[in-house]
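Enquirer: I am attaching a structure below and will ask some questions about it afterwards.
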Amino acid sequence: MSSLPLQFLLLTIAGWMTRDQQRVTEYLLAENAILREQLRGRRIRYTDAQRRRLAEAAKRLGRKALRELDPLVTPDTLLRWYRRLVARKYDGTARRGSSRPRRTDDIVELVLRMAKENPSWGYTRIRGALHNLGHDVGRNTIKRILLEAGVDPAPERSKRTSWNAFLRAHWGAIAAMDFFTVEVVTLAGLVRYHVLFVIDLASRRVEIAGLVHQTHAAWMQQIARNLTDAVDGFLLGHRYLIMDRDPLFAAEFRALLAASGTKSVRLPARSPNLNAFAERFVGSIRRECLARVIPLGERHLRQLVREYVDHYHAERNHQGIGNKLIAAVNDNAAKSSRVVRRQRLGGVLNYYHRAAA
């Protein structure tokens, strides 16, 4: 008889919990009905994770309970999602190898890279190069990759030499030349000065060939003699000199260069991108120096240009050569932990290095 109060208490608690769960279910059904009214005529997009959660919960409830709940998704759809979830768990096709390996993005990238970097390589030659890297790719697969990318066959590619390919093939023997102008404050007012420079494309070294107020043919011819001097001419060892079609680069000027073994490569009109290295130097000296200082006379301008070129060679890192210095100083002396700033032009140009111990 002593167990009867305990059973009565358990039944009372169970009834209370059932009524509470019933109220929760009634609320969720009402909320679900309102949500269906709000979304009437609109399609709900479920993610894979949401489908998985709904499918697992739907399986536990069963079809009968789902129909009573009137869910947003039909019971048949929910149970189909569950069956698909189970089938995916035991699907071994992802781990099973195929008789013919699929083309991977890495192989496609390699094929296209080899074709672009080697215009004379055909399908068989590219296949051999891939084999050296451990990739066994069929000749027809290589052909399809190139056709899909719009790359011509080897005979057609080898007939055309791009400007970049020409530069790479003669990298160590090419220099470029160009002018830039600077407005200088003088007693007579603003005077325009012309600065002529030459840049070695491989090392990025720059030589200021001349700075003058009024250019003329005799001055240009003397510049050509200086650049091709047999002892210390900047163009020694350079076979090509890129220049635009400025009238100052006249036939007499080009003839003096050619007599010393340097051929002039004249660019098409209005094509600054073909002389990008020289254009980059002009942009750098203007942005980092000349735009921040007012040149007061020719002497001051020469000092500005000289200081910047020294900074450009020994104190400025260049992205085109691995973010390194052009003329790094090999100082084996012991260094302290103290960082020192070397200033040029009153702090317009700065270089940071460790002081000697």
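The values are calculated or read from the model by the stated rules, or taken from the named source; none is laboratory data. On a predicted model such as this, the values are computed, not experimentally measured, just so you know. Please note: Cβ atoms are built from the backbone with ideal geometry, for glycine as well, and neighbour counts cover all protein chains shown.
Results for (1) more than 30 Å from A218 (Cβ to Cβ); (2) free of Cβ contacts under 8 Å to residues at least 12 places away in the same chain; (3) of a type outside the set (G, A, S); (4) not in a loop (DSSP other than H, G, I, E, B), shown as yes or no for each residue.
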site: H238; (1), (2), (3), (4): no, no, yes, no
site: F249; (1), (2), (3), (4): no, no, yes, no
site: V265; (1), (2), (3), (4): no, no, yes, yes
site: S284; (1), (2), (3), (4): yes, no, no, yes
site: H311; (1), (2), (3), (4): yes, no, yes, yes
site: V329; (1), (2), (3), (4): yes, no, yes, no
site: A355; (1), (2), (3), (4): yes, no, no, yes
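Enquirer: Can you name the residue in the stretch 293-321 that is basic (K, R) and surrounded by fewer than 14 Cβ atoms within 10 Å (Cβ to Cβ) and, of all such residues, is nearest to M243 (Cα to Cα)?
Expert: Out of the qualifying residues, it is R306.
Enquirer: Specify which of the listed residues (R225, R204, R266) is in contact with a Gly (Cβ under 7 Å, 6 or more places away or on another chain) and surrounded by 12 or more Cβ atoms within 10 Å (Cβ to Cβ). Walk me through it before giving the result.
Expert: On the way: R225 fails: in contact with a Gly (Cβ under 7 Å, 6 or more places away or on another chain); R266 fails: in contact with a Gly (Cβ under 7 Å, 6 or more places away or on another chain).
None of the others qualify; the one that does is R204.
Enquirer: Can I ask one more? Would you please list the contacts, defined by Cβ atoms under 6 Å and residues six or more apart or on different chains, that run from a residue in the stretch 61-84 that is at pLDDT below 75 to a residue that is surrounded by fewer than 14 Cβ atoms within 10 Å (Cβ to Cβ) and of a type in the set (K, R)?
Expert: Hits for this filter: P75/R63; P75/R67.
Enquirer: Kindly evaluate T161 against the criterion of being modelled with pLDDT under 70, assigned to a loop (DSSP other than H, G, I, E, B), of a type outside the set (D, E, K, R) and closer than 30 Å to L241 by Cβ.
Expert: Spelling it out, T161 is indeed modelled with pLDDT under 70, assigned to a loop (DSSP other than H, G, I, E, B), of a type outside the set (D, E, K, R) and closer than 30 Å to L241 by Cβ.
Enquirer: Counting only residues that are closer than 17 Å to D105 by Cβ and of a type in the set (G, A, S), which one in the stretch 117-155 is surrounded by the most Cβ atoms within 10 Å (Cβ to Cβ)?
Expert: A149
Enquirer: Let me ask you something else. Mind counting the residues in the stretch 325-356 that are surrounded by fewer than 11 Cβ atoms within 10 Å (Cβ to Cβ), in contact with a helix residue (DSSP H, G or I) (Cβ under 9 Å, 6 or more places away or on another chain) and modelled with pLDDT of 85 or more?
Expert: 1
Enquirer: Please identify the pairs in which a residue from the stretch 102-127 that is over 13 Å from G138 (Cβ atoms) has its Cβ atom under 6 Å from the Cβ atom of a residue that is among the aliphatic types (A, V, I, L, M) and modelled with pLDDT of 85 or more, counting only partners at least 6 apart or on another chain.
Expert: V108/I145; M114/I126; M114/A129
Enquirer: Of all residues in the stretch 269-292, count the ones that are hydroxyl-bearing (S, T, Y) and surrounded by fewer than 15 Cβ atoms within 10 Å (Cβ to Cβ).
Expert: 1
Enquirer: Among the candidates L304, L290, which residue alone is of a type outside the set (D, E, K, R), in contact (Cβ under 8 Å) with a residue 40 or more places away in the chain, out of contact with any strand residue (DSSP E or B) (no Cβ under 8 Å at 6 or more places or on another chain) and within 30 Å of G346 (Cβ to Cβ)?
Expert: Of L304, L290, the one residue that is of a type outside the set (D, E, K, R), in contact (Cβ under 8 Å) with a residue 40 or more places away in the chain, out of contact with any strand residue (DSSP E or B) (no Cβ under 8 Å at 6 or more places or on another chain) and within 30 Å of G346 (Cβ to Cβ) is L304.
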